[in-house]
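Below is one structure; the comments refer to it alone.
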Amino acid sequence: MAASPKAYPAATDTTTRFAPSPTGLLHLGHAHSALIAWRAAREAGGRFLIRIEDIDRTRCRPEFTEAVLEDLAWLGLEPDGPVRVQSRHFGEYRAVLENLLARGLLYPCFCTRAEIAREVAAIGAAPHGPEGVLYPGTCRRLSTAEREARIASGEVYALRLDMAAALAEAGGPLLFEEVGEGPLRCDPARFGDAVLARKDTPASYHLCVTHDDALGGVTLVTRGEDLKPATELHRLIQALMGWPAPAYRHHRLLLGPDGRRLAKRDGAPALRELRAAGRSAAEVIAMAGG
Ligand code: GLU
């Protein structure tokens, strides 16, 4: 078995984090989420970390990173440690991918979306997982010679997890601890052969988030309930890499007056707009359910 790129021992004190993607300005929904993480750390006398999840260079912008950090500081949510900016650490994510590749748990996938859609249509059945239609496994069946020839010819590829191989390697049933609910059983197979490195981004959210939670010694992941299904895949990656499993608390999303989740594109006011309109940090915290 290839050596793990780094061993991350389980932390003993409560460590939480807020991990926004700088694709826009923070609004009350973000403040709500950040406050939950910050408060959980404070109540336990632990640590609160901030991580900027900006691996998607097409959607994230440096000016939003700056704005996020400024808004959090204005709210008084200062981190207990350096802010981690994921785009500065692609080498670390690459090392994890190399490890999984060397163990035969990843394979290159050259398919375009259109090719996947055609293949799925030809099969006549389209099982879906939490991230949409399941990959039909086309590139998993390529011979080593064909793979090497296509890589050598410069074709771009994603890296997919060979789910069956990964489950076999992880062994026994996987569980995650959801605060207030107890251990929940994971069924990562629902994701099929998930993408862990995209063609246009050298690592996926799932890979970076699990790596960084392990690196930061995060013991309690608090985040929106929309990410609860992803935790099943995260547990599998943690098991494969020998990383400690944090506890999870998936919170309800803050809804707007129309009953839909707050989103900047639907007109949810940005924190800095509230600030410019004269609201104090304490008032914004109260509006965010604090
Ligand atoms: N970066 C993700 C987001 O902004 C959150 C990731 C997480 O908390 O695990 O939605």
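Let me understand the stretch 1-69 better: what is its radius of gyration from the alpha carbons, and its Dmax, in angstrom?
In Å, with Rg to one decimal and Dmax whole: 15.1, 46.
Within 10 Å, Cβ to Cβ, of residue 46, how many net charges do the neighbouring residues add up to if Lys/Arg are +1 and Asp/Glu are -1?
Its environment carries a net charge of -1.
Based on the Kirkwood radius over alpha-carbon pairs, what is the Stokes-Einstein translational diffusion coefficient of the stretch 131-197 at 10 °C with 1.306 mPa s viscosity, in µm²/s?
The Stokes-Einstein estimate is 111 µm²/s.
Based on the alpha carbons, how large is the Rg to Rh ratio for the chain when Rh follows Kirkwood?
Radius of gyration relative to Kirkwood radius: 0.99.
Over the chain, what is the relative contact order in whole percent, taking alpha-carbon pairs under 8 Å and six or more residues apart?
So the answer I get is 27 percent.
Need one number: the % of Cα-Cα pairs in the stretch 180-266 sitting beyond the 14 Å mark.
The proportion of pairs with Cα distances above 14 Å equals 70 percent.
Quote the relative contact order of the stretch 169-258 in percent (integer), defining contacts as alpha-carbon pairs under 8 Å separated by 6+ residues.
About 37 percent, as a whole number.
Quick one: 27, 206, fewest Cβ neighbours within 10 Å first, how do they rank?
So the residues, fewest neighbours to most, are 206, 27.
Alpha carbons only, please: Rg and Dmax for the stretch 3-123, in angstrom.
For the stretch 3-123, the Cα radius of gyration and maximum Cα-Cα distance read 18.7, 56 Å.
Please work out the ratio of the alpha-carbon Rg of the stretch 88-163 to 2.2 N^0.38 Å and round it to two decimals.
1.22
Each reported figure results from applying straightforward, stated rules to the coordinates on display, with no laboratory input. None of the values given here were measured: they were computed from a predicted structure. We place every Cβ from the backbone using ideal geometry, glycine too, and count neighbours over all the protein chains shown.
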